[in-house]
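Written out below as structure tokens is the structure these notes cover.
Derivation of every value follows stated rules applied to the coordinates shown; laboratory data play no part. Small disclaimer: the values here were computed from a predicted structure and weren't measured. Here the Cβ positions follow ideal geometry from the backbone for every residue, glycine too, while neighbour counts run over all protein chains shown.
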Amino acid sequence: MTERSTTELFLGEGPGTSRGGQHLYVNMGPAHPAMHGIIRIFAELDGETVVKTDVEIGYLHRAFEKDCEVGPYNNAIPYTDRLNYVSPLINNFGYASAVEKLLGIDITDRCKYIRVIMSEISRVCDHLTCVGASAMELGAFTVFLYMIKAREFLWELVEEVTGARLTISYGRVGGVKADLPAGFDLKVKKAFGEVRQVLEEVHTLVTANRIFMDRMVGIGAMSGAESVAWGITGPLLRAAGVNYDLRKAQPYWAYDRMQFEVPLGKNGDNFDRFLVRMAEMEQSMRIAEQGLEGLPGGSIQVDWEGKAIDPAAYVDRGKQGKTEGLLLVPIQLSPNLQGQGRDAQRRVNADDKKVVLPPKETAYGSIEGLMNHFMLVMDGYGIRPPVGEAYFPVEGANGELGFYVVSDGTDRPYRVRCRPPCLPPVAALPRMIEGQMIADIIPTFGSVNMIGGELDR
Amino acid sequence: MLARLKTRLGAGVTDTHAHRGDHTAVLTREALVPALAFCRDEPDLRFDLLADITAVDYLRYPGREDGPRFDVVYHLYSIPHRHRLRLRVPVELDDPVVPTATGLWPIANWLEREVWDMFGIRFEGHPDLRRLLLYEEFEGHPLRKDYPIERRQPLIGPKI
């Protein structure tokens, strides 16, 4: 046996030991501290260079599409919350819009604006989480804390409107659950001020930071043409310089009435993705502000004092048969717990008795309203779109989020397909990281912004 | 758009419609890959983005009880021209095979794996047709209409 040097004794055979190459197999995940999300990357390494990888997904699969087929149309709304759990509002509205397209109904202008405003707030939340988490993985823990703080302000807005922070279930086929609360525009203004300050701070901290740039510039790059071939959409595609934003390309809801820019990158690497996300947050806030300014009907500042009555008292009056004039009395409802009254209903929901639940005054106070309510919630009745199929894409925080809904004419969707925006980048992940260092997997994976909920459905 | 597809492929296009503004063409299996290549490369179609591949099981669909069991559905989008197209290919239960689109778009690889996983439709020529979301030991294909939602799967893993 030949004499071995100390290095060889410690390192054994392998590259650099002049005893022939040997590849090392490393398994990252499904539960790895640097992987936010449950995914397995099986990497073949030559020294520190990644030669080949196999990405395995599906650890968070919970049969979203099968579950949707079981219940009536509106029952799928809570499931869509759990798709992209960082920006659930966009999923809600995307699904609702797909069913509305299938039904062939139009929603009110005010509802369109509410959807735009809430979607943009969600998009900012999503980008804050993505940028914050990937900066944290590169050691910039401060950035993460700052951005989560900013997200907190936005989630308070979401909570104000929907009554929940994460599993919001706010969208409805034909409208939304309830109107925006009183004084919402002032709260948005305040929260956006905080977010803008955080973005400024983050720019100062990392945008020209040597360590950050060394880890991000030129890493995980994909050209525009290649990104398109891989089906990548959203910030990742725009970072590669391809101008495709559904809000501009095929405007839906009220996006055609908004003024905003589509930030584009050049190199398609992690750094450009970071810059595009940072710029998009500013644009999203701009859209939300315009939405609040142009909100048809204005911000609600109505004082119900002396006019409205308590819903319980209202029901009692109905039960006692004192229904004379009852339909004209408005009731005071908490918009995020009990639904909405007649006035709010008219503002935000489509005028279609076959789709939208009647206002509570009508349901409690008249037999027609009660029957209408039951016809929509009874098994075998409910919303029944005509036989057909429809695909409705929206610009999700990660890219094109599409819902393909097939109806067989009954009250349940025959088939619901969600086009997950983060599946293509994860499929292209081997292409992005092969040939790079193993440490580069972490920022690249962070910039992909994999969301297990929508990837595995 | 649909007329152009029809003249080009002739008998390969069996039906077209534009329900709710979604342009849809129903193709035969043989015409699928030529149609996809035509849509991608023709200068005034230029469907460069393969948005989605999925399937629908028509087992209990009104009017389709006796027809082909599945439809494989392709959603295409053109970034330069900003238009969309849906292509559907009917497949029978006893011969659930469709030619692969992996030669045209690399993303077709994972999307087709998911369709195989969920519906048991095979893609001829696919380089690596494994299950995508479920595990190898999973029995059946859960998005088929004859797969009951409450069905339990056998436990896998090391025996104790």
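Points worth noting:
- Within the stretch A:417-457, if we keep just the residues that are assigned to a strand (DSSP E or B) and facing chain B (nearest Cβ under 10 Å), the residue that is nearest to A:Leu237 (Cα to Cα) turns out to be A:Arg419.
- Set A:Asp245, A:Asp179: member being touching a residue at least 40 places away in the same chain (Cβ under 8 Å), surrounded by 22 or more Cβ atoms within 10 Å (Cβ to Cβ) and within 22 Å of A:Ile107 (Cα to Cα): A:Asp179
- Number of the exception - B:Ile53 against (1) part of a strand (DSSP E or B); (2) crowded, with 23+ Cβ neighbours inside 10 Å; (3) facing chain A (nearest Cβ under 9 Å): (3)
- Taken over the stretch B:1-48, the criterion of being touching a helix residue (DSSP H, G or I) at 6+ places or on another chain (Cβ under 7 Å), hydrophobic (A, V, I, L, M, F, W, C) and not in a loop (DSSP other than H, G, I, E, B) is satisfied by B:Leu5, B:Leu9, B:Val13, B:Ala25, B:Leu27, B:Ala35, B:Phe38.
- Any hit, the stretch B:105-121, residues being part of a loop (DSSP other than H, G, I, E, B), away from chain A (no Cβ under 11 Å) and surrounded by 19 or more Cβ atoms within 10 Å (Cβ to Cβ): yes
- Among (1) within 8 Å of chain A (Cβ to nearest Cβ); (2) closer than 24 Å to B:Leu59 by Cβ, the one test that B:Asp71 misses: (1)
- Residues considered: A:Tyr79, A:Tyr95, A:Tyr113, A:Tyr85. Of these, the only one that is more than 14 Å from chain B (Cβ to nearest Cβ), within 22 Å of A:Pro393 (Cα to Cα) and either free of Cβ contacts under 8 Å to residues at least 24 places away in the same chain or outside any helix (DSSP H, G or I) (or both) is A:Tyr85.
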